[in-house]
Structures are given as C-alpha cells and as structure tokens.
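Step one of this worksheet: look at the structure below.
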Ligand code: ZN
C-alpha cells in the first residue's frame, strides 16, 4: 500500500484586512528589475480592490476574462506574452474566483516549463517548479486555493496540471474580499464546497483525515446556507474556511459523481464549474439522497435558480463527447461507486443522466 504524500500550500495568512499585508509579504520575493504580475478578475476593473493592489516598479495588473473556464490556450498566451516582455518575472498573484486562482497557478508553471500547458494536463507531468505564486480568493468554495491541481480546458480534455509544483507558495484568505460577490455566483461557488463535502464523505476513498475536514466544512456550509436568514460578515468568514477545509478534505480523498458529470458539461458547453455542479447535483438523488435533499432545500431557501434543459438540443455526437470526458475521470467514479464502477455507471445510464440536465 502506498500512501499519498501530498504537497501543501507554503504560507497562509488569514483574517479580515489581511490583504493589506500583501506589499510586505511580496517584498522579500521581489527580484531586481522583474515585475510581480497581478492577474485580477475583470469583475474588479474600476472597483476599489483594483486600486488597493500594491504595485511597485514595473509591476502590472492584467484583468482576465472569467466568462468561461480557464483554457490551456489562455494560459499559454499569458505566459508567452510575459516571457516576451520580461524574460521572466518575480511572481504571479491571482486575485479572483476559482478561474483566476487556477490561471495564476498555471501561468506560474508555464513561465519555467517548455511547450504548452496542454502537455502537462495529467498527474505529475510538470518538470520544473514555477515562479513564485500567490492565491487570493474573492469567492469562496472551490478549494482551488489549497489544491495541487489547476483545472484547464485543453484541445482534447478538461484536466488539471496536477503536480507537487502546483500548490501556491502563499495564500491570502481575507473574508472582506468576498463581501460584495454577486449573490448567485456566491451560491453556486459555495455549493461547489458543499458538493466537495458530500462527495468526499460519501466516497469509498474516505479516511479520518478527509472526514475530519469534510465534516467541518459541511457544518460551516450548513451554517451559512441553512441556519442563517441573511448574509452577514460571519457568513464570509465561515464560507472562506469551509472552502479551505473542503479543499483539504478532497486532497486526501476525491470528488465524485457531480464533478465527473459536470466536467463533461464544461468541456462541451463551457459551463462554469460551480453552476455546472449545481445543475448535475439537482438530479443525483440516486447517488447522494440526503445530500441532494439538503441541496434542494438550500436552493429554495436562498431563492436561487438552477438552469434546466441545457442538454435538450444536443446531438448524439455531442452527448458522446461529454460522456467520453466524464468516463475519463476514473478516480472520481471509483471514489463514488467503488472498484466496479463501470458496471454501475454504464454509458446508457450516463446518457440518460445527461438527457435530464
Ligand atoms: Zn469542485
């Protein structure tokens, strides 16, 4: 038996206003003449947060479009652009939701690894450590701030650059930054965390390490989305820690059916991760009965719309594409359904599930 020996984030700062410490945190990491590059969610263009970014010397803010999930082509063009302009950089700081967080990790790695990021989609393919990288979430739930992967949509698949070089050197967890997130977005991303917990806690890979973090994250999600009648500062505090703990939980287990199916949706349709998981979770009573019931209650209580009918006009070929992407997520299926998962989740059954979405 071989136990997973996983690499974690280097440094963590947590607290309201901890973003103000960023300048001080970056100072010792700066290299003569080489800029820090801040990748910032375009949502913040012209907003106060953008003016709080501690720019020095030739530092630059690049606003990134997050309408779709990050693509390998987007990573390559950002990294190549930076290499052309500066040769190399002091570091990259991602400020935003899961998409920006993952982009920052991938751009850091592609500053030092040759070729295209698509060459490194998979497990342990990255050859060299990237440049210094920092993750600063402005939406809570994905767990991307702690994960050892960066999920990218490539020419042939949607898969992460999963490696020991992928985790951040530093993360800044400042719950003030999530305060003004759009309500729907906040819910979908929060549900990503809730779904991580359900998939981890109901999975066959479960162990006490994952369970301890998963139970805590689940409890925090329930506080935020069930027990309270309105959003307040403590909701931001709690959901930020839920995201962190949920990420730690899946680090030592795996996600499950909702993720395996939603990866197919985002590959084909560009559906964003959080909402994609919600669309799928809505139809998973058979696999996670209690979790789905509670999920539906949260949707109703928080007055959120979950889209339906998104697969209704797709062709056979498109269904096949989604099914291929989904079936390729072997560890997810094995965690959810056990070693004999292929006997349980047949292609016919998966097709029927996609048709319901
Ligand atoms: Zn997720």
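A compact table of results
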read-out: Under the Debye formula (equal points on every Cα, no solvent term), log10 I(q)/I(0) of segment 183-356 at q = 0.13, 0.18, 0.19 Å⁻¹; value: -0.61, -1.14, -1.25
read-out: Degrees, to the nearest 10: 72-86 long Cα axis against longest axis of the chain; value: 0
read-out: Percentage relative contact order, segment 1-147, counting C-alpha pairs under 8 Å, at least six apart; value: 24
read-out: Highest-fluctuation residue, 121, 318, 202 considered, GNM on the chain with Cα pairs under 10 Å; value: 318
read-out: Average Cα contact separation per residue, the chain, under 8 Å, 6 or more apart, as relative contact order %; value: 16
read-out: Degrees separating the helix 257-269 axis from the principal Cα axis of the chain, which is the longest one; value: 70
read-out: Average Cα contact separation per residue, segment 183-356, under 8 Å, 6 or more apart, as relative contact order %; value: 28
read-out: Among 175, 35, 155: highest mean-square fluctuation, GNM of the chain, C-alpha pairs under 10 Å; value: 155
read-out: D_trans [Stokes-Einstein, Kirkwood Rh over alpha-carbon pairs] for the chain, 37 °C, 0.692 mPa s, µm² s⁻¹; value: 160
read-out: Evaluated at q = 0.16, 0.21, 0.24 Å⁻¹: base-10 log I(q)/I(0), Debye formula over Cα of segment 1-70; value: -0.76, -1.08, -1.21
read-out: The chain: angle of helix 98-110 to the longest principal axis, Cα-based, in degrees nearest 10; value: 60
read-out: Theoretical ellipticity at 222 nm over the chain - DSSP helices of four or more residues, -39500 (n - 2.57) apiece, nearest 500; value: -13500 deg cm²/dmol
read-out: Which of 356, 349 has the fewest Cβ neighbours within 10 Å, and the rest in rising order; value: 349, 356
read-out: Inverse mean reciprocal Cα-Cα distance (Kirkwood Rh) of segment 73-116, Å; value: 10.5
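Coordinate-derived values only; no laboratory data. Quantities reported herein were computed from a predicted structural model and do not represent experimental measurements. Don't worry about glycine lacking a Cβ; one is built from the backbone with ideal geometry, like all the others, and counts go over all protein chains shown.
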